[in-house]
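Below is one structure, written out as structure tokens; comments come after it.
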Amino acid sequence: MKRIGFLINPVAGMGGAVGLKGTDGKTEEARRLGASPQAQFRAQITLAQFSRQTGLGFVTCSGSMGESALNEAGIRGIQVLYHYHDESSADDTRKAAQAFLKSGVDLILFCGGDGTARDIFDAVGRDVPILGIPAGVKMYSAVFAVDPATAAELVTRYDTTSLRDSEVMDVDEDAYRHGELKTRLYGIARTPVLAGKVQASKHVFEEGDEERAKKEIARFIREIMIPDVLYILGAGTTTESIARELGVNKTLLGVDAVQNGKIVALDLSEKALWALLEDGQEAKILLSPIGAQGFILGRGNQQISARIVRKVGIGNLIIVATPHKLRETPVLYVDSGDPSLDAAFGETMLVVSGYRMAQKKCIYQPEKRKKV
Amino acid sequence: MQTKILLDEEQMPKKWYNVQADLASPLAPPLHPQTHKPIGPADLSAIFPMELIRQEVTTDRHIDIPEEVQDVLRLWRPSPLYRAHRLEKFLKTPAKIYYKWEGVSPAGSHKTNTSIPQAYYNMKAGIERIATETGAGQWGSAMSFATMLYDLECTVYMVRSSYTQKPYRKSMMHVWGAECIPSPSTKTNAGRSMLEKDPDTPGSLGMAISEAVEDAASHSNTNYALGSVLNHVCLHQTIIGLECREQLAMVDDYPDVVIGCVGGGSNFAGIGFPFAGDKLTGKHKDVDIIGAEPASCPTLTKGLFTYDLADEAGYTPLLKMFTLGHDFVPPSMHAGGLRYHGDSPIVSRLVHDGVMRAVSYHQSEVFDAAQTFARTEGIIVAPETSHAVKAAIDEALKCKKSGEDKTILFNCSGHGNFDMSAYDAFYAGELVDYEYPDALIRESLARIPKIS
């Protein structure tokens, strides 16, 4: 019997869809902006795979920090080791993780973002392996499975996994909100892996020829931009260079919209994006895979939700990335939150990597998703 | 079980075959880059000898190969035709696969078939020096060898990315006494202006052509030579297909499928035109003639059939051909010889008319095919040639599915002995599958000079 300590950060990810770039200290604001809790939903995708699984025993926290989700998934024989009161906090996460550790769990499975990973690592360090179900706004840490279904696979096949060092990253949320990506290594946890199925720690490239490549990409994109079409520019420095080529300023970490070479709106929330598209506006989405993990959707661009992608059409996604970045990302990932949309991306995709040049890249499709 | 099918030296063809004779209507003429009027022989005489200009436009079916040229060609010709028994067995295909091995020439590829006559005609016309360009270095080394034989000087503008990637090609040129300069260079106006625009450009065949043409046009003792694309170049290469037809007849066979890789089109023309002629004249209506090109520079499969410049700077005539636009700089892939924005006007016309067709492949799949070939037949082919190998394997596997015992012939145009770094990259998993973003691009192709 494998003992799994399971916890959810109930508010993780709420800031993402409303453009807050993180939920730390912003829960109320996120709620006011119309954010709904994401983590329970994300956790269910993983937990659904365990309902008929024998050989797993769960210890957890009360209520929405774990107990409710396990019950909803029909998992029996759970043991609640930690009770929290009022709104759950970072302190509750730390205390729960310590309780799991004391009870001798084999693995802590959590659902949250970088902040949650950091809090759990604070409590247990390298004493017990940890694995994240991605549900936060930022997931630069390498402790996350590539998607909730893969997290389930890592748990059910725990005996065939190996452990590897995985970076827990600390992202400065205030700097991040002001357009600056400041990540620092917070610690090295241990995470179970099947080859190629845990996010490599994200990193930002700083290379001379990167700038040249970005300019080439931007020159090409400008050349093929069609009048009156709305271009939605995702986060990152490659899409930023396109804005620069057009002579406009975009936000580094936000999602912006341009049309006929001019900014329509900056730092759009999912709702605001939706509003721009509602009258049947023809649009294309320009995205760059995020960091070394190579996520097209689901990391850092959460404003571009599944319904936005469906509205615009997968065929109108233009993925851009420099050759160097593509070298570091042998496979691209899609985790839009909607597995059938993710599956619709198929197994390869063209990524524009220069002037009139693209590269054919593989898209990771888990076995389960292919059957959808 | 015969493996090598060999012709005696006396059986080497004495005439080239000119497919222009069998076209239903004449080729669209080259146009002057400024006036957009058809050019005449006088327009070309500044950079080409008169005999090559005549060969460029003639519709005579056969053209004699001069004795002095035959003497040199006999150093390695007739080249062997191989039956790929081991590859067939490995693929478990009922198809018969033959390959024409052009890697036996001193420079290691088919390019010497035209560098020799080109140097010869220039020598005859009193020219003292040749300026030319090279992509991967195959043509540059072939021309260096040829100019040495006829005591001409030679300057080769080598595409910069290849210049650094393939240092030994450069060394070969030096051994044969030629000067090799990375392009774009500061030696020409065209080169200087390209460097000003983009100091870090990897270069392209189009840029190198501009430099060589400018060099030739500005020196009275110097002519220009092109290693592919032009009609006379394709003409000289037809010796490949003519020999193949004889060799296959010796084993009582005729191809159902004929394959060559395509950059500027000359080796594909060389193996394909004699069979295209058979198709055009109704002797063998069903022969399937396939050009294999890179997905990153898919001129025949994704380009437009229109008038475009043959070079970057706009010195050359406008040719009616499949093109990706003369300002297109293909990525620095390993098959440097296939990095050309346009294609031979005759090949283009025949593809446009459905006499020949084209397929395109990504880098990693062609190296995989080349590995299969090396591990069955032994020969390590050039990255360019690996496209033809891939197409031949694909066709043989189709036969395996359908149970057909087709005869497949491909041009094994050159060895890869100087391309081992490309194979290393393949084994290290570092090959990038470049692809031309066709759907996104249609708008930008509208920038090609419009000729009605």
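The values are calculated or read from the model by the stated rules, or taken from the named source; none is laboratory data. In this text, all values refer to a predicted model and were calculated from it rather than measured experimentally. Positions of Cβ are generated from backbone atoms using ideal geometry, with glycine treated the same way; all protein chains shown enter the neighbour counts.
When region B:88-123 is limited to residues that are farther than 19 Å from B:A370 by Cα and assigned to a loop (DSSP other than H, G, I, E, B), the one that is farthest from the chain's Cα centre (by Cα) turns out to be B:P94. Cβ separations smaller than 9 Å between residues 6+ apart or across chains give the following pairs from region A:336-361 residues that are within 7 Å of another protein chain (Cβ to nearest Cβ) to residues that are in a helix (DSSP H, G or I) and small (G, A, S): A:L350/B:A439; A:G354/A:A213; A:R356/B:S444. Scanning region A:221-239 for residues that are assigned to a helix (DSSP H, G or I) and in contact with a helix residue (DSSP H, G or I) (Cβ under 8 Å, 6 or more places away or on another chain) yields A:I221, A:R222, A:E223, A:I224, A:T237, A:T238. If the condition is being more than 10 Å from chain B (Cβ to nearest Cβ) and over 24 Å from A:R222 (Cα atoms), then region A:317-331 contributes A:E328, A:T329, A:V331. When each of B:T299, B:T316, B:T281, B:T306 is tested for being of a type in the set (S, T, N, Q) and within 16 Å of the chain's Cα centre (by Cα), the lone residue that passes is B:T299. Being among the aliphatic types (A, V, I, L, M) and assigned to a helix (DSSP H, G or I) is the filter here, so list the residues in region B:223-246 that pass it. Correct list: B:V233, B:L235, B:I239, B:I240, B:L242. When region B:386-421 is filtered for residues that are crowded, with 21+ Cβ neighbours inside 10 Å and touching a Lys or Arg at 6+ places or on another chain (Cβ under 9 Å), the ones remaining, listed by number, are B:E395, B:A396, B:C399, B:I408, B:L409, B:F410, B:N411, B:C412, B:S413, B:G414, B:F418, B:D419. Does B:P106 fit the bill of being surrounded by 24 or more Cβ atoms within 10 Å (Cβ to Cβ), in contact (Cβ under 8 Å) with a residue 24 or more places away in the chain and either in contact with a Leu (Cβ under 9 Å, 6 or more places away or on another chain) or under 24 Å from B:G272 (Cβ atoms) (or both)? When the stated conditions are applied, B:P106 does not pass them. Look at B:R357 and say whether it is within 16 Å of B:V262 (Cα to Cα) and within 14 Å of chain A (Cβ to nearest Cβ). Judged against the criteria, B:R357 is not a match. Residues in region A:41-63 that are under 30 Å from A:A175 (Cβ atoms) and surrounded by fewer than 18 Cβ atoms within 10 Å (Cβ to Cβ): A:F41 only.
Matching residues to (1) modelled with pLDDT of 95 or more; (2) outside the structural domain of B:S210 (by TED's automatic domain parsing); (3) not in a loop (DSSP other than H, G, I, E, B):
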{"position": "B:D253", "(1), (2), (3)": "yes, yes, no"}
{"position": "B:V258", "(1), (2), (3)": "yes, yes, yes"}
{"position": "B:G264", "(1), (2), (3)": "no, yes, no"}
{"position": "B:A269", "(1), (2), (3)": "yes, yes, yes"}
{"position": "B:G277", "(1), (2), (3)": "yes, yes, yes"}
{"position": "B:E293", "(1), (2), (3)": "yes, yes, yes"}
{"position": "B:S296", "(1), (2), (3)": "no, yes, no"}
{"position": "B:M321", "(1), (2), (3)": "yes, yes, yes"}
{"position": "B:G325", "(1), (2), (3)": "no, yes, no"}
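Looking at region A:216-224, can you tell me whether even one residue there is free of Cβ contacts under 8 Å to residues at least 12 places away in the same chain and among the aliphatic types (A, V, I, L, M)? Yes, because at least one residue in region A:216-224 is free of Cβ contacts under 8 Å to residues at least 12 places away in the same chain and among the aliphatic types (A, V, I, L, M).
Condition test on A:L268, is it away from every other protein chain (no Cβ under 14 Å), assigned to a loop (DSSP other than H, G, I, E, B) and at pLDDT 90 or above? It is true that A:L268 is away from every other protein chain (no Cβ under 14 Å), assigned to a loop (DSSP other than H, G, I, E, B) and at pLDDT 90 or above. Which residue is farthest from the other protein chains (Cβ to nearest Cβ), if the candidates are limited to region A:222-244 and must be over 21 Å from A:K21 (Cβ atoms) and of a type outside the set (D, E, K, R)? Within region A:222-244, the match that is farthest from the other protein chains (Cβ to nearest Cβ) is A:L230. Taken over region B:54-66, residues that are part of a loop (DSSP other than H, G, I, E, B) and touching a residue at least 60 places away in the same chain (Cβ under 8 Å) amount to 1.
Residues in region B:408-440 that are under 25 Å from B:I380 (Cβ atoms) and part of a strand (DSSP E or B) were compared, and the one that is nearest to the other protein chains (Cβ to nearest Cβ) is B:Y434.
Yes/no matrix, rows are residues, columns are (1) buried (at least 19 other Cβ atoms within 10 Å of the Cβ); (2) on the phi > 0 side of the Ramachandran plot; (3) part of a loop (DSSP other than H, G, I, E, B):
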{"position": "B:E10", "(1), (2), (3)": "no, no, no"}
{"position": "B:Q20", "(1), (2), (3)": "yes, no, no"}
{"position": "B:A24", "(1), (2), (3)": "no, no, yes"}
{"position": "B:D43", "(1), (2), (3)": "no, no, no"}
{"position": "B:L52", "(1), (2), (3)": "yes, no, no"}
{"position": "B:E68", "(1), (2), (3)": "no, no, no"}
{"position": "B:V72", "(1), (2), (3)": "yes, no, no"}
{"position": "B:R86", "(1), (2), (3)": "no, no, no"}
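The set of residues from region B:325-351 being within 14 Å of chain A (Cβ to nearest Cβ) and of a type in the set (K, R) comprises just one member, B:R339.
Taken over region A:67-86, the criterion of being assigned to a strand (DSSP E or B) and within 20 Å of A:R52 (Cβ to Cβ) is satisfied by A:Q79 alone.
Of the candidates A:R126, A:R118, A:R94, the single residue that is out of contact with any strand residue (DSSP E or B) (no Cβ under 7 Å at 6 or more places or on another chain) and among the charged types (D, E, K, R) is A:R94.
Candidates in region B:282-312 are the residues that are farther than 28 Å from B:P383 by Cα and surrounded by 18 or more Cβ atoms within 10 Å (Cβ to Cβ); of these, the one that is farthest from the other protein chains (Cβ to nearest Cβ) is B:Y307.
For region A:36-64, the tally of residues that are out of contact with any Leu (no Cβ under 7 Å at 6 or more places or on another chain), part of a helix (DSSP H, G or I) and either β-branched (V, I, T) or within 14 Å of A:L7 (Cα to Cα) (or both) stands at 10.
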